[in-house]
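In what follows, a single structure is set out as C-alpha coordinates and then discussed.
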Amino acid sequence: MMKEATSSPTINRKGQKRRMRFFFFFILCFFVWTGYTLYLQSGVLSQKEAELEALKQESAVLLQQQEELTYEASRLNDKEYLAELARKRIYYTKPGESIYVIPE
(Lines give C-alpha, C1' and ligand atoms only; values in the text may rest on other atoms or scores of the structure.)
Protein backbone atom coordinates (compact mmCIF):
# COMPACT_ATOMS: atom_id res chain seq x y z
CA MET A 1 0.00 0.00 0.00
CA MET A 2 2.83 2.37 0.60
CA LYS A 3 4.09 2.22 -2.96
CA GLU A 4 0.79 3.34 -4.40
CA ALA A 5 0.68 6.40 -2.18
CA THR A 6 4.23 7.49 -3.06
CA SER A 7 3.93 6.85 -6.80
CA SER A 8 0.62 8.70 -7.12
CA PRO A 9 2.05 12.21 -6.54
CA THR A 10 4.84 11.67 -9.10
CA ILE A 11 2.34 10.56 -11.74
CA ASN A 12 0.12 13.47 -10.83
CA ARG A 13 3.04 15.91 -11.22
CA LYS A 14 3.96 14.46 -14.60
CA GLY A 15 0.38 14.87 -15.77
CA GLN A 16 0.29 18.40 -14.40
CA LYS A 17 3.53 19.27 -16.23
CA ARG A 18 2.17 17.76 -19.42
CA ARG A 19 -1.04 19.81 -19.10
CA MET A 20 0.96 22.97 -18.41
CA ARG A 21 3.16 22.34 -21.49
CA PHE A 22 0.07 21.77 -23.61
CA PHE A 23 -1.53 24.93 -22.23
CA PHE A 24 1.57 27.05 -22.93
CA PHE A 25 1.91 25.51 -26.38
CA PHE A 26 -1.71 26.40 -27.08
CA ILE A 27 -1.13 29.98 -25.84
CA LEU A 28 2.01 30.26 -27.99
CA CYS A 29 0.11 29.04 -31.06
CA PHE A 30 -2.67 31.52 -30.33
CA PHE A 31 -0.24 34.46 -30.10
CA VAL A 32 1.55 33.41 -33.29
CA TRP A 33 -1.76 33.14 -35.13
CA THR A 34 -2.92 36.51 -33.75
CA GLY A 35 0.35 38.19 -34.73
CA TYR A 36 0.23 36.74 -38.24
CA THR A 37 -3.37 37.86 -38.69
CA LEU A 38 -2.55 41.38 -37.49
CA TYR A 39 0.43 41.50 -39.84
CA LEU A 40 -1.73 40.53 -42.83
CA GLN A 41 -4.46 42.98 -41.89
CA SER A 42 -1.99 45.84 -41.46
CA GLY A 43 -0.82 45.27 -45.04
CA VAL A 44 -4.38 45.32 -46.33
CA LEU A 45 -5.12 48.40 -44.23
CA SER A 46 -2.16 50.33 -45.63
CA GLN A 47 -3.22 49.38 -49.16
CA LYS A 48 -6.76 50.61 -48.50
CA GLU A 49 -5.41 53.86 -47.03
CA ALA A 50 -3.35 54.44 -50.18
CA GLU A 51 -6.42 53.77 -52.34
CA LEU A 52 -8.46 56.18 -50.20
CA GLU A 53 -5.85 58.92 -50.59
CA ALA A 54 -5.78 58.43 -54.37
CA LEU A 55 -9.58 58.58 -54.52
CA LYS A 56 -9.61 61.76 -52.41
CA GLN A 57 -7.17 63.39 -54.82
CA GLU A 58 -9.23 62.26 -57.80
CA SER A 59 -12.37 63.59 -56.12
CA ALA A 60 -10.74 66.98 -55.58
CA VAL A 61 -9.74 67.16 -59.25
CA LEU A 62 -13.25 66.18 -60.36
CA LEU A 63 -14.84 68.79 -58.08
CA GLN A 64 -12.56 71.45 -59.58
CA GLN A 65 -13.54 70.35 -63.09
CA GLN A 66 -17.21 70.43 -62.10
CA GLU A 67 -16.86 74.00 -60.83
CA GLU A 68 -15.13 75.05 -64.06
CA LEU A 69 -17.82 73.43 -66.19
CA THR A 70 -20.58 75.00 -64.11
CA TYR A 71 -18.98 78.41 -64.60
CA GLU A 72 -18.57 77.76 -68.33
CA ALA A 73 -22.24 76.70 -68.60
CA SER A 74 -23.39 79.83 -66.80
CA ARG A 75 -21.38 81.95 -69.25
CA LEU A 76 -23.09 80.28 -72.22
CA ASN A 77 -26.20 82.33 -71.42
CA ASP A 78 -24.31 85.53 -72.30
CA LYS A 79 -24.72 86.49 -75.99
CA GLU A 80 -21.41 88.37 -76.13
CA TYR A 81 -19.53 85.36 -74.83
CA LEU A 82 -21.26 83.11 -77.40
CA ALA A 83 -20.26 85.50 -80.19
CA GLU A 84 -16.67 85.49 -78.93
CA LEU A 85 -16.63 81.68 -78.89
CA ALA A 86 -18.03 81.50 -82.40
CA ARG A 87 -15.39 83.92 -83.65
CA LYS A 88 -12.54 81.96 -82.02
CA ARG A 89 -13.59 78.40 -82.70
CA ILE A 90 -15.34 78.46 -86.08
CA TYR A 91 -13.94 81.76 -87.40
CA TYR A 92 -17.35 83.40 -87.52
CA THR A 93 -17.19 86.94 -88.83
CA LYS A 94 -19.43 89.94 -88.70
CA PRO A 95 -20.49 91.43 -92.01
CA GLY A 96 -17.60 93.36 -93.53
CA GLU A 97 -14.89 91.69 -91.41
CA SER A 98 -12.12 89.48 -92.71
CA ILE A 99 -10.12 86.98 -90.69
CA TYR A 100 -6.40 86.46 -91.02
CA VAL A 101 -4.98 83.28 -89.53
CA ILE A 102 -1.38 83.64 -88.50
CA PRO A 103 0.48 80.35 -88.02
CA GLU A 104 2.45 80.07 -84.82
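The values are calculated or read from the model by the stated rules, or taken from the named source; none is laboratory data. Because the structure is predicted, anything quoted here is derived from the model rather than measured. Heavy atoms of the whole protein, side chains included, go into the accessibility calculation; ligands, DNA and RNA do not. Shrake-Rupley method; radii C 1.70, N 1.55, O 1.52, S 1.80 Å.
Across all C-alpha atoms in the chain, the radius of gyration and Dmax reach 40.3, 133 Å.
By a 1.4 Å probe calculation restricted to protein chains, residue 70 has an accessible surface near 90 Å², given to the nearest 10. With 0.36 nm allotted per residue and the present C-alpha distance subtracted, the residue 66-residue 41 stretch has 5.4 nm of extension available.
Need the full-extension length gain, residue 81 to residue 101, defined as separation in residues times 0.36 nm minus the C-alpha distance. One decimal, nm.
Value of the extension gain: 5.1 nm.
In segment 5-99, the portion of solvent-accessible area held by carbon and sulfur atoms comes to 63 percent [1.4 Å probe, whole percent, DNA, RNA and ligands not counted]. Once the 1.4 Å probe is applied to the protein heavy atoms, segment 42-104 comes out at 96 Å² accessible per residue.
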